[in-house]
Amino acid sequence: MSSFPVTELLPALREALAQGRDVVLEAAPGAGKTTVVPLALLPQAWLAGQIILLVQPRRVAARAAAARMAELLGEAVGQTIGYRIRLDSCVSDSTRVEVITEGILARRLQRDPGLNGVGLVVFDEFHERNLDSELGLALVLQGRELFREGPPLRLLVMSATLEAVPVAALLEHPAVLHSTGRQFPVTIEYGRAPGRNEPLAGAVARTVQLALRHQAGSVLVFLPGQAEINRVAGRLAEESQRDVMVAPLHGGLSLARQQQAIAPCPQGRRKVVLATNIAETSLTIEGISTVVDCGLERQPVFDTATGTTHLLTRRISRASAAQRAGRAGRLGPGHCYRLWSEEQQGRLPAQRQPELQQSDLAPLVLQLLAWGVQDPAELRWMEPPPAANYQQALAVLALCGAAFARDTATWQLTPHGVTLAQLPLHPRLGHMLLTGAQWGVLDTAALLAAALVERNPLAGREADLAATLAVLNGERPCPREFQPWLRRCRQQAAQYRRMIKGLTTARAGTVPPALEDAPGLLVAVAWPDRIARRRAGGDPGQYQLANGRSATLSVTDALCAQTWLATADVAGSRDAATDRIYSATALNPACFSDLLASLVSNEETAEWDTRSEQFSARSRRLVGRLELDSVPLEPVPEEALQRALAELLRRRGLQLLPWTPELQQWRARVALLRRLDLAAGQADSPWPDLGDEALLDQLEQWLLPWLGPVRKLQDFARLDLKGILLALLPWPLPADLERLAPERLAVPSGSSIRIDYLPPTPVLAVKLQEMFGCVRTPTVAAGRQSLQLQLLSPARRPLQVTQDLSSFWRDVYPQVRKEMKGRYPKHPWPEDPLQALPTAHTNRRLQQPR
C-alpha cells in the first residue's frame with residue numbers, strides 16, 4: 001500500500017484525527033483513498049474498539065471496496081471488512097469497517113442518531129454531491145452535536161475534485177489535506193465532438209477501435225446511458241475481435257453482471273467496458289489503461305411546475321472529465337481519448353450541479369421529518385435545499401398519507417409516514433407496497449415496484465404496466481434480450497415482499513380487488529396526482545392529469561382506448577404545454593367508490609357559466625382536478641350565489657345592471673353635490689360615493705341582498721335598480737337632492753329645461769331666445785355650481801357655450817345676431833336682448849293677439 005500517493009498524507013491524517021479534528025482529504029483519482037485510508041486508520045488508539053463507516057455513493061462501488069480491502073487483509077468479506085447495501089449485507093460481530101451506501105447511513109441515523117459504537121464516518125467521493133451524501137453529512141453533524149454519548153465521533157470527507165473550503169466550513173476544527181500526486185500519468189488526446197447529424201455510437205466505436213490498435217490493455221468507455229451503451233455494443237460486435245470482450249456497466253445491471261465488468265479478463269484477452277458515470281467513482285476496473293470519454297452524462301432533473309423528473313443529456317463538468325481520465329492511470333501509465341476539442345474543454349462547467357439543487361426531494365424531506373426537522377435551515381448544508389422543491393416534496397408526502405400540516409409552518413409524520421421512512425424506497429413506491437399489503441395484493445405491488453425501479457425496458461414497446469406484469473408473472477413471453485431484467489425484477493420483488501411482510505399485513509375484512517383492477521389501483525395510490533382522464537371530444541391519446549396538466553399517449557398504444565389511466569411515468573417540462581405518458585395502466589373508475597375513496601373530494605361549486613351565461617350550482621366529486629360526476633345543487637346556497645354574482649359584476653362591470661338615462665343622471669347629481677362638499681374641505685360629506693369603483697367595492701352591502709332572483713344574464717334587467725339606489729340616500733337627502741340639484745331648471749321663457757349632469761360641469765342646453773332678459777348665469781347647489789350654457793339656434797344647434805352670460809350678451813351676441821338674423825328671419829333677434837321678451841316661439845306667434 002506504500003506505493004499509493006495517499007500514503008504520504010497518512011501521518012498528517014492520523015495526527016489530525018488523534019487531536020479530535022475533522023478532516024477533508026483531497027486526492028487525485030487513483031491515489032488510493034478508498035482502500036488505503038480505512039485500513040491505515042484501523043489500529044488507531046482513539047477508535048477504542050469502535051468501527052469505521054465508509055460511505056459510498058453506489059452499491060457496486062461499496063461491494064468492490066469491501067472486497068478489495070478484505071483481499072488486502074487476506075480475509076473474506078464479512079470478517080474485519082463488511083458491507084451493507086440496499087437489500088443486501090455481509091457483516092459479522094468482528095467487522096471493524098462497514099462499507100455502506102448513503103441511503104443506509106440515513107436510515108441508520110434514524111435508529112441511532114448519535115451513531116454510538118462508531119468512531120469515524122468516512123464520506124468517500126463527496127465531490128459527486130449526491131442527495132443522500134449531503135443529507136447524511138447534515139444529519140451526522142447534528143446527531144453528533146445533540147445525541148452523541150461516549151467517545152467523540154470523527155468525520156473524514158474524501159474527494160478527488162471537490163474544492164475543500166465549502167465543505168470544511170461545515171466541520172469541527174477541520175484539517176484540510178491535499179495529495180497532488182497521481183499514481184500514474186495519463187496522456188490526454190483531444191478530438192472533436194460528433195456533429196449534430198452524426199450518430200454518437202459511430203464516433204465512439206471508431207475511437208474505441210483506434211484505442212485498441214494503438215494502446216495496450218483494456219478500454220473503459222464513458223457513455224451517457226443504457227441506450228447509447230447498447231448501440232455502441234452493437235457497433236463493436238459488427239467488428240469484433242476474438243481477444244476483445246465487450247462488457248456493459250450501468251446501474252440497471254445485476255450486481256453479478258456489474259462484478260463481471262469489473263473483474264480481470266481471462267489470460268490473453270482484453271476488455272472494452274461500456275459504462276455510465278457509475279465508473280467515475282472509487283471503483284477500480286481491472287486491466288484498464290485507456291479511457292474513451294464522449295463527454296456526456298444523463299442527469300435526472302426535477303421540475304416543480306410539473307412534479308416530474310426527466311432525464312437530460314448534458315455536457316460533463318471539468319471535475320468529471322478529470323475523474324474519468326484518472327480511471328486510465330489506476331494501474332499504470334494511461335491514455336484518455338476525449339471526443340471534444342481542447343477549446344471546448346475550457347467551456348465546460350467547473351463542477352456538476354448538485355443533486356440537492358435539482359432533484360425530487362420527497363425522500364429527503366421524509367427523512368428530515370422523521371429526524372424532527374421542520375425547517376432545513378436547522379441543519380448545516382453546503383447549499384440549502386431549494387424552497388420550491390421542498391414544498392413540492394411536502395405535497396407529495398401529503399398525497400401519500402405520510403405527513404400532514406399541523407399549521408402553516410409545522411408538518412408531522414403520520415404512523416404510515418414513520419413506516420415509510422424505514423423503507424429503502426421512494427415514498428411513493430413504499431406507499432404502494434404498504435397499501436398493496438393491506439389490500440392483500442402484495443405480490444402484484446412488489447412486481448410493479450420492481451419493474452419501475454429496474455427501468456422497465458418493455459415500456460418502450462408498450463406503455464401498459466399490466467402487460468409488463470403479465471411478462472413478470474410468466475403469462476406472456478419475455479424477449480430474450482430482456483431476460484436479465486426479468487431475473488432482476490423477480491429477485492427484487494421477492495426482497496420487497498420479505499421486507500414489507502415484516503412491517504404490515506392485510507387489513508381484516510378487506511376484500512382484495514379484482515386481479516384486473518389491482519395494477520391500476522396500486523399505481524393510482526402511488527401517483528394520485530397523475531391519474532389521467534381522456535379528454536372528451538379530443539384527439540386520440542389526449543388526457544388531462546389530476547394535477548391539471550395535459551398529457552399525451554402514443555396513438556398507436558392500445559391504452560388509448562381507455563377513458564381512465566393510472567400513470568406512473570410521465571415526462572415533461574414547465575415550458576412544454578403537454579407532458580408525455582410512458583408508463584400507465586387502465587384504471588376502473590368504479591374503484592373511486594371503495595378502495596380509492598380517499599382520493600375523492602367533494603366540492604360544491606357555485607359559479608357563473610360564461611358559455612350558457614347563467615348561474616350554475618353543482619355538487620361535484622373530484623379526483624384532483626378531474627371531475628368524476630356532478631349533480632345540480634339544491635337548494636342553491638345564497639352565500640355562494642352572491643359570491644358568484646359579485647365576481648361576475650367585478651369582472652365585467654356595472655354595465656350589466658339596468659341603467660337608464662334617468663338613473664345615470666340621478667347618480668351624477670349625487671356625485672356633483674359630494675364633489676362640491678369635498679372641494680370645500682368638507683371631508684364628512686353626507687352624500688355617498690356612487691362611482692363605479694366605490695359601488696363595486698361595496699357590492700355586498702348595497703346590491704347583493706337584492707340579487708336572489710338572478711339566475712341568468714337577462715335577469716339583471718328585471719332588477720328595480722332605481723329603488724335599490726334610492727335606498728342609498730337616507731332622509732333628508734332625497735329632498736335635498738331635488739332642491740340642490742334639480743332635474744330641470746325654469747328659464748326666463750317659462751320652459752322647464754332638463755340639466756345634463758354627466759359632464760364635469762353640468763350643462764343647460766336652451767334656445768338663445770328663451771334666455772332674453774337673463775343677465776346672470778344660472779346655478780345649482782345653492783349657487784355653488786354655475787351651469788354651462790349651451791345657447792342653441794332655432795335649429796337647436798349650439799351657437800355659443802358659456803358660463804358668463806352677461807359677457808356673452810355684451811361681446812358676442814351682436815355678431816351672432818348679425819349672422820343668424822338672415823338665416824332665421826322668423827325668429828326674434830332684438831338689438832337689446834336684455835330688454836326683449838324671452839320666448840320659445842317665432843315672431844308670428846309673438847305678434848298674435850293673446
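Coordinate-derived values only; no laboratory data. Not measured: the values here are computed from a predicted model. Heads up, the Cβs are rebuilt from the backbone with ideal geometry, glycines too, and the neighbour counts pull from every protein chain shown.
Count the lysine pairs in the chain whose Cα atoms sit under 26 Å apart, keeping only pairs 8 or more residues apart in sequence or on different chains. Within the chain, the lysine pair count is 6. Where does helix 131-147 land angle-wise versus the long Cα axis of the chain, in degrees 0 to 90, nearest 10? Rounded to the nearest ten degrees, it is 90. Here is the list for region 334-418: trypsin sites (Lys or Arg not before Pro) lying in DSSP coil, each with at most 10 other C-beta atoms within 10 angstrom of its C-beta, are ARG347, ARG406.
Computed per residue of the chain from DSSP H runs no shorter than four, each worth -39500 (n - 2.57), the mean residue ellipticity at 222 nm is -9500 deg cm²/dmol. Applied to region 694-709, the Karplus parametrisation 6.51 cos²θ - 1.76 cosθ + 1.60 on θ = phi - 60° returns per-residue 3J(HN,Hα) values of 5, 5, 5, 5, 10, 3, 4, 7, 9, 10, 4, x, 9, 9, x, x Hz, with x for Gly and Pro. Return the loop-located GluC sites (Glu not before Pro) in region 472-557 (DSSP other than H, G, I, E, B) with at most 12 other Cβ atoms within 10 Å of their own Cβ; answer none if there are none. Filter output for region 472-557: GLU475, GLU516. Using a ≥ b ≥ c from the Cα gyration tensor of region 5-179 (square roots of the eigenvalues), is it rounded, prolate or oblate, where a/c under 1.5 gives rounded and otherwise the larger of a/b and b/c decides, a/b for prolate? Because its axes are fairly even, with a/c under 1.5, region 5-179 counts as rounded. The angle between the Cα long axis of helix 638-652 and the main principal axis of the chain comes to about 80°, on a 0 to 90 degree scale. In the chain, the longest principal axis of the Cα atoms and the axis of helix 483-501 are about 80 degrees apart. In a DSSP loop and with at most 14 other Cβ atoms within 10 Å, the trypsin sites (Lys or Arg not before Pro) in region 590-640 are ARG611, ARG625.
Distance between the C-alpha centres of region 293-338 and region 12-70: 25 Å, rounded to the whole angstrom.
Here region 487-593 is treated as an ellipsoid with the same Cα gyration tensor; its semi-axes, largest first and in whole Å, are 29, 17, 13. When both bridge partners sit in the chain, DSSP labels roughly 50% of those beta bridges antiparallel. Across the chain, the relative contact order, built from alpha-carbon pairs under 8 Å that are at least six residues apart, equals 7 percent.
Which is farthest toward the positive dipole end of region 415-486 among GLY440, GLY417, LEU458, measuring Cα position about the Cα centre, with Cβ charges +1 (Lys, Arg) and -1 (Asp, Glu)? The listed residue farthest towards the positive side: GLY417.
Each listed q (0.06, 0.07 Å⁻¹) maps to a log10 I(q)/I(0) for the chain, found by the Debye formula over equal Cα scatterers with no solvent: -0.60, -0.70.
Once C-alpha pairs closer than 8 Å and six or more residues apart are averaged by separation and normalised to the residue number of region 605-741, the relative contact order reads 24 percent.
Remark: relative contact order (region 5-179) = 33 percent; criterion is Cα-Cα distance under 8 angstrom and separation of 6 or more residues.
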